Amino acid sequence: MRNMDCKIVHQHLIDYQENNLQSGLKQDIEAHLSECGSCRRLLTGFQSVEAIIEKAKKTDPHPYISTRIVQHIENELSTYKRTRIPVLRPIMLTSTVISAIAIGILIGKVNSDRIGGNDENQDQIENLRTELFIHDFIDENKTLLVKE
């Protein structure tokens, strides 16, 4: 029999408990357990945990436990959906309004440059007036209309 270290016993304690050790190592661990109170308490703790697990496996679950769990999950999801949407709605509405205003400003600026803000068009119209001696014309849309 060799002198066992607690560290080695700790490494093989579960295998010992499940009876998965070679006979020589098993005898060495048993000899160590007979001398070491700390390792015996650890083994007793493992055995207690195993007994509790086995007892829990044998007990029948409540017949409506799955229904209760599913209902609880659905309640949590519905609560999450109710609290999440009202927070996002004002943010989405505000960003939509800001985007619409920005697009409107851009469209208005482009059209105003096209319609009335261009000095070259004004100069061309004035040149045509003076060159052609046309007194009666309408330039509302920056087009030249001659009245006959």
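The values are calculated or read from the model by the stated rules, or taken from the named source; none is laboratory data. It should be emphasised that the depicted structure is a prediction, and the values quoted were computed from it without experimental measurement. Here Cβ is always computed from backbone atoms with ideal geometry, including for glycine, and neighbour counts include all displayed protein chains.
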Scanning the stretch 27-73 for residues that are farther than 18 Å from Met4 by Cβ and touching a residue at least 12 places away in the same chain (Cβ under 8 Å) gives Gln47, Glu50
Determine, yes or no, whether Arg82 is surrounded by 10 or more Cβ atoms within 10 Å (Cβ to Cβ) and either at pLDDT below 70 or not in a helix (DSSP H, G or I) (or both).
no
Read through the list (1) modelled with pLDDT of 70 or more; (2) more than 30 Å from Glu18 (Cβ to Cβ), then give the number of the only condition that Ile115 fails.
(1)
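Please verify whether Ile29 is at pLDDT 85 or above and not polar (S, T, N, Q), treating the condition exactly as stated. Show your work before the answer.
On the way: at pLDDT 85 or above: yes; not polar (S, T, N, Q): yes.
Here the answer is yes, as Ile29 does meet what is asked.
Go through the stretch 16-34 and report how many residues are part of a helix (DSSP H, G or I) and surrounded by 11 or more Cβ atoms within 10 Å (Cβ to Cβ). First the steps, then the outcome.
Pass one, the stretch 16-34, residues part of a helix (DSSP H, G or I): 16-17, 23-34.
Next, from what is left, pick out any that are surrounded by 11 or more Cβ atoms within 10 Å (Cβ to Cβ): 16-17, 25-33.
Qualifying residue count, the stretch 16-34: 11.
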Could you say whether any residue in the stretch 1-15 is surrounded by fewer than 10 Cβ atoms within 10 Å (Cβ to Cβ), within 46 Å of the chain's Cα centre (by Cα), at pLDDT 85 or above and farther than 30 Å from Ile125 by Cα?
yes
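Quick check on this structure: which one of Glu120, Glu50, Glu54, Glu131 is modelled with pLDDT of 75 or more, part of a helix (DSSP H, G or I), loosely packed, with under 10 Cβ neighbours inside 10 Å and of a type outside the set (Val, Ile, Thr)?
From the options Glu120, Glu50, Glu54, Glu131, the qualifying one is Glu54.
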